[in-house]
Amino acid sequence: MTALVVSIFLWVLVLCLLIFRRRHADRSITYAAITIAFSMTLNIDPVYESADRLLGGTNLADLLSNIALIFGIFFLGRGVTKASNHRSAAVRVALGPVPLSIALALVVVAFALIDRAETSTTFMLDFGAQPAAAIYSIVQYLYCGMVVAGMGLASHRQARESQGLLQGATVALTVGAAFGVLLCVTVLSMDLAHVAGALALLSSLGVVYELLYILTFGFFCYGLASQSVILWLRRMHRERRTRSFLRKLTPIWEEATRVRPGVDLNRPSSDGPDADETRLHRQVVEIRDAMIDPRIDFPLHETARQLIDAAEAHLLTPFTVGAQPSTTTSSAMGGAASRTEA
């Protein structure tokens with residue numbers, strides 16, 4: 001039942017990411033979500049039994065599921081920390097290819113040493129008393145715990161810089177990471193308890209495990225899904241403002257091209273995801289150039305000047321939290337000398 005609930009969470013997240021993430025944006029988090037959703041779906045009993053029969057009935061489906069989970073966590077960690085712009089040296093090491101390769105190699109070797117008999121939908125309960133099975137699980141969750149801890153640290157730092165609803169989304173990611181670390185510690189404790197024969201402790205930890213499992217993926221999915229929706233809404237609002245400024249500035253810009261011939265020869269292409277913002281940027285720059293050109297008379301009333309100032313402020317306002325205006329954009333607002341940079 002837990003695997004089914006978590007799978008639903010993850011596939012809803014995948015849909016949100018596919019629908020609301022920008023078409024040309026980095027898709028690493030989306031691919032990670034799909035990989036983890038695939039892993040969790042394989043843990044649903046009927047799906048697991050069918051998949052394992054296709055793979056020979058020796059629980060290779062469990063290995064496939066866990067390898068997919070490791071890869072998914074790896075790419076999710078890299079995607080989240082990349083988006084947050086907070087990657088310390090320790091986090092970069094944790095999310096590097098070397099720990100991933102070591103974890104995958106140890107998992108495959110340990111799995112090969114498990115006496116796993118026929119298909120089992122309760123793999124670790126049936127075989128977890130074997131030292132090889134304990135190592136198989138411990139390696140997975142040590143690696144996942146390390147990556148999730150790094151992801152949580154990056155999310156925590158980003159949350160301190162975020163505002164409003166976006167801050168709530170990053171806080172949810174941080175809380176999900178905290179629960180994820182606790183989940184990994186719980187699983188490690190269960191593995192050791194199973195090998196030691198402490199079955200009562202194993203049973204008690206199993207209840208905690210189920211709760212942490214749902215909380216971890218619930219907060220992660222909420223944080224990532226709400227973040228994509230919030231950024232989509234902000235992007236739509238920004239694009240509407242950009243188009244509004246274009247409608248209002250175009251007549252002024254056309255007058256600038258009339259009194260200063262040749263300006264419109266540098267008009268940019270209208271293709272690309274940021275075409276409207278590029279057009280607005282060039283219009284503001286070229287109007288400013290016409291205003292300061294001593295060879296022509298191009299007076300503007302105060303309302304038009306205020307409109308140009310507002311458009312310039314809009315362009316210089318970073319869309320993403322913590323981002324800085326680009327050097328090109330900032331310098332291009334300065335005048336004619338910057339036109340070749342835009």
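Just so you know, all these numbers are worked out from the coordinates, no wet-lab data involved. Since the model is a prediction, treat every value here as computed from it, not as a measurement. As a convention, Cβ positions derive from the backbone with ideal geometry for all residues, glycine included, and neighbour counts pool all protein chains shown.
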Checklist line | At R0 = 25 Å, FRET efficiency that the Cβ-Cβ distance of S88 and V185 yields, to 0.05 | finding: 0.70
Note to self: I'd like the orientation of helix 2-20 relative to the chain: the angle between its Cα long axis and the longest Cα principal axis, in ° from 0 to 90, rounded to 10.
What the structure shows: 20
Next item on the list: Run the numbers on the chain and let me know its relative contact order in percent, using alpha-carbon pairs under 8 Å that are six or more apart.
Entry: 15
Check: What is the local net charge at Q167, summed over the other residues whose Cβ is closer than 11 Å to its Cβ (Lys, Arg +1; Asp, Glu -1)?
Finding: 0
Check: Does segment 1-154 classify as rounded, prolate or oblate by the C-alpha gyration tensor (a ≥ b ≥ c root eigenvalues; a/c under 1.5 gives rounded; else a/b over b/c gives prolate, otherwise oblate)?
Finding: oblate
Next item on the list: Compute the long axis of helix 28-42 from its Cα atoms, compare it with the longest principal axis of the Cα atoms of the chain, and write down the angle in degrees, 0 to 90, nearest 10.
Entry: 30
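From the P(r) of the chain, could you give the percentage of C-alpha pairs in the tail past 25 Å?
Details: 35286 of 58311 pairs.
Percentage above 25 Å: 61.
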Check: How much net charge surrounds N66 when only the other residues with a Cβ under 15 Å from the Cβ of N66 are counted, with Lys and Arg +1 and Asp and Glu -1?
Finding: -2
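Please state the relative contact order of segment 12-109 as a whole percent: Cα pairs under 8 Å, 6+ residues apart?
Working: 67 pairs, mean separation 27.7, N = 98.
It comes to 28 percent, rounded to a whole number.
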Item checked: the chain: angle of helix 60-84 to the longest principal axis, Cα-based, in degrees nearest 10 -> 30
Check: Counting each DSSP H run of 4 or more residues in the chain as -39500 (n - 2.57), what helix-only mean residue ellipticity at 222 nm follows after dividing by all residues, to the nearest 500 deg cm²/dmol?
Finding: -26000 deg cm²/dmol
Next item on the list: Per residue, how big is the convex hull around the C-alpha atoms of segment 57-130? Give it to me in cubic angstrom, could you?
Entry: 100
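What is the diffusion coefficient of segment 1-79 in µm²/s, taking the Kirkwood radius over Cα pairs and the Stokes-Einstein relation at 10 °C with a viscosity of 1.306 mPa s? Can you show the working numbers first?
Values: Rh = 13.0 Å.
Here the translational diffusion coefficient equals 122 µm²/s.
Computed FRET efficiency, Cβ-Cβ of I8 and F298, R0 45 Å: what is it to the nearest 0.05? Each step should come with its number before you reach the end.
Working: r = 61 Å, r/R0 = 1.35.
It comes out at approximately 0.15.
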Margin query: Report the Cα-based extents of segment 93-177 along its three principal axes, largest first, to the nearest Å.
Written below: 53, 28, 16
Item checked: Label-to-label distance, nm, for residues given as A132 and D115 (7 Å Cα→Cβ offset) -> 1.0
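Using Cβ counts within 10 Å as a stand-in for footprinting exposure, how do R279, R235 rank, fewest first?
Working: R279 21, R235 16.
If I rank by nearby Cβ atoms, fewest first, I get R235, R279.
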